[in-house]
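First comes the structure, then the notes that go with it.
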Amino acid sequence: MAAVLTGLGGYLPPKVVSNEDLSATLDTSDEWITVRTGIRQRHMVADGMSTGDLAVAAGARALKSAGHPAVDTVVVATTSPDRLCPAVAPEVAARLDLGTVAAFDLTSACSGFVYGLATAAGLIASEAADTVLFIGAEAFTTLVNPADRTTAPIFGDGAGAVVLRRGEQGEPGALGPFDLGSDGARADLLAIPAGGSRQRSANGGPGHDAVPHEDWYLRMVGRPLYQHAVERMTQSANTALKKAGWAVTDVDWFVGHQANARIVHAVAEELAVPEERTAVNIDRVGNTLSASIPLLLNDLAAEGALMPGHRIVLSAFGAGLSWGSTVLTWPDLSVESVH
Ligand code: UT7
C-alpha cells in the first residue's frame with residue numbers, strides 16, 4: 001500500500017513586490033537581494049487576506065486537478081496560521097464544502113510540506129484516511145518585520161496543495177520512503193519569540209514582562225542556517241535515495257525547498273545533480289515555507305518541464321531546525337499555472 005499523488009494545485013496572492021519596490025523603503029538593493037538569494041520578486045497578501053484564503057484557493061485547484069474525488073481528511077501545513085486557535089484546516093475544509101471531514105494543522109516551518117506528506121502517507125497506511133487533501137499555505141510576510149532588511153526581502157506568501165489517495169507502491173505518484181529529522185538545540189537560529197505560551201502577553205501582567213515589539217516578528221541568523229541547510233538537505237536527500245534504492249543518476253529533478261538559490265545549487269552540487277536537473281523558482285516567489293515545494297512542482301508541471309515518468313527527489317529544511325526528504329515518480333496530472 002502507498003499514498004499516491006493524484007492532484008496538484010497552487011495559488012499566489014495577486015500583489016507582487018519587486019526588489020526595487022522593497023529598496024524604496026529598506027536599506028537594500030536589487031543587486032544585493034538577487035546576488036545573495038536569487039530572489040527578484042515575491043507575492044504578498046493584501047490587507048485582510050489570510051493563510052486560510054490562500055489554502056482554500058490552492059486546495060480548490062488541487063481538487064480540480066484530481067477530478068474532485070471524495071476527500072476524508074484535510075491537513076494544512078502552516079507556520080502562519082490565521083490564529084493560534086483553532087487550526088485553520090477545519091475552516092478550509094468547510095469553505096471547500098468537504099463536509100465534516102477530519103482536519104488539522106501541522107507546523108514544521110519550511111519542512112512542513114515534506115513532514116505533511118509523511119503524515120498523510122501514514123494516515124493512509126494506517127487506514128485512518130483514504131484520500132487526503134494536503135495543503136502547504138503561508139501568509140508568512142505578516143510575521144516578518146518590514147523594517148528588518150535581513151528578513152523582509154527573503155519571504156513571500158502563497159499556497160500549494162496535493163491530493164493523495166490510497167494506491168500501490170511502484171505506481172506513478174506513489175510516495176517513496178521518507179527521511180525526517182530535527183535539531184531543537186538550534187531552535188534560536190530561526191524563531192518568532194512571542195505569541196506562544198512562553199512570551200504570552202503584549203502588555204505584561206502579573207508575573208510577565210511586556211513583550212518587546214520586535215519579538216512578535218521573525219528573527220533569523222542567516223549564516224549558520226545556510227550551512228545547516230546545505231548539510232542537512234544533502235544528507236537527507238541522500239538517505240531518501242538510498243532507502244528507495246535510487247542512484248543520483250536516476251534522478252530527473254532535484255526539487256529542493258526554495259530558501260535561497262545558492263543553497264539549492266550548493267545541495268545539488270553536493271548530491272552531484274547537474275544544474276539542468278535542479279529546479280529553481282525562488283526568483284519569482286521568494287521563500288514561501290511550506291508552500292515552497294508544491295509551488296515549485298506546480299511551476300515545473302505547468303511548464304511541461306516535469307513529465308510523467310520523471311523521477312524526483314524532494315528535500316526541505318527549515319526552522320526547528322527540521323528537515324526531510326522523499327522520492328517519487330511523477331504521475332500524469334493536469335496542472336494549471338499559478339502565474
Ligand atoms: O527557509 C529555511 C531557512 N532559511 C535559510 O536557510 C536561510 C539561510 N541563510 C541565507 O540564505 C543567507 O544567510 C541570507 C540570504 C539570509 C544572507 O546572506 P549572507 O550572504 O549570509 O549575508 P550576511 O547575513 O552574512 O550579510 C552580509 C552583509 C552584511 O554586511 P557586512 O557586515 O558584511 O557589512 C549585512 O549587514 O550584507 C548585509 N546585509 C544586507 N545588505 C543589503 C544583510 N541583509 C542585507 C540586505 N541588503 N537586505
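Got a number for residues in region 251-275 being more than 10 Å from the ligand (Cβ to nearest atom), in a loop (DSSP other than H, G, I, E, B) and crowded, with 21+ Cβ neighbours inside 10 Å?
Summing the residues that are more than 10 Å from the ligand (Cβ to nearest atom), in a loop (DSSP other than H, G, I, E, B) and crowded, with 21+ Cβ neighbours inside 10 Å in region 251-275 gives 2.
Only residues that are among the small types (Gly, Ala, Ser) and either more than 19 Å from ASN298 (Cα to Cα) or within 16 Å of the ligand (Cβ to nearest atom) (or both): list them for region 26-59, please.
Within region 26-59, SER29, GLY38, ALA46, GLY48, SER50, GLY52 qualify.
Could you please find all residues in region 174-204 being closer than 29 Å to VAL162 by Cβ, assigned to a loop (DSSP other than H, G, I, E, B) and touching an Asp or Glu at 6+ places or on another chain (Cβ under 9 Å)?
If the condition is that a residue be closer than 29 Å to VAL162 by Cβ, assigned to a loop (DSSP other than H, G, I, E, B) and touching an Asp or Glu at 6+ places or on another chain (Cβ under 9 Å), then ILE192, GLY195 are the ones that fit.
Which of the residues that make up region 94-123 are assigned to a helix (DSSP H, G or I) and among the charged types (D, E, K, R)?
Scanning region 94-123 gives a single hit, ARG95.
Going by the conditions given, is ASP299 more than 15 Å from the ligand (Cβ to nearest atom), in a helix (DSSP H, G or I) and under 19 Å from the mean Cα position of the chain (by Cα)?
In short, yes.
Go through (1) buried (at least 24 other Cβ atoms within 10 Å of the Cβ); (2) in contact with a strand residue (DSSP E or B) (Cβ under 7 Å, 6 or more places away or on another chain) and name the single condition THR278 misses.
(1)
Among the residues of region 124-150, which ones are out of contact with any strand residue (DSSP E or B) (no Cβ under 7 Å at 6 or more places or on another chain) and assigned to a loop (DSSP other than H, G, I, E, B)?
Within region 124-150, SER126, GLU127, ALA128, ALA139, ASN145, PRO146, ALA147, ASP148, ARG149 qualify.
How about region 154-179: which of its residues are surrounded by fewer than 19 Cβ atoms within 10 Å (Cβ to Cβ) and in contact with a helix residue (DSSP H, G or I) (Cβ under 7 Å, 6 or more places away or on another chain)?
Of everything in region 154-179, those that are surrounded by fewer than 19 Cβ atoms within 10 Å (Cβ to Cβ) and in contact with a helix residue (DSSP H, G or I) (Cβ under 7 Å, 6 or more places away or on another chain) turn out to be ARG166, PRO177.
Just so you know, all these numbers are worked out from the coordinates, no wet-lab data involved. Because the structure is predicted, anything quoted here is derived from the model rather than measured. All Cβ positions, glycine included, derive from the backbone under ideal geometry; neighbour counts span all protein chains shown.
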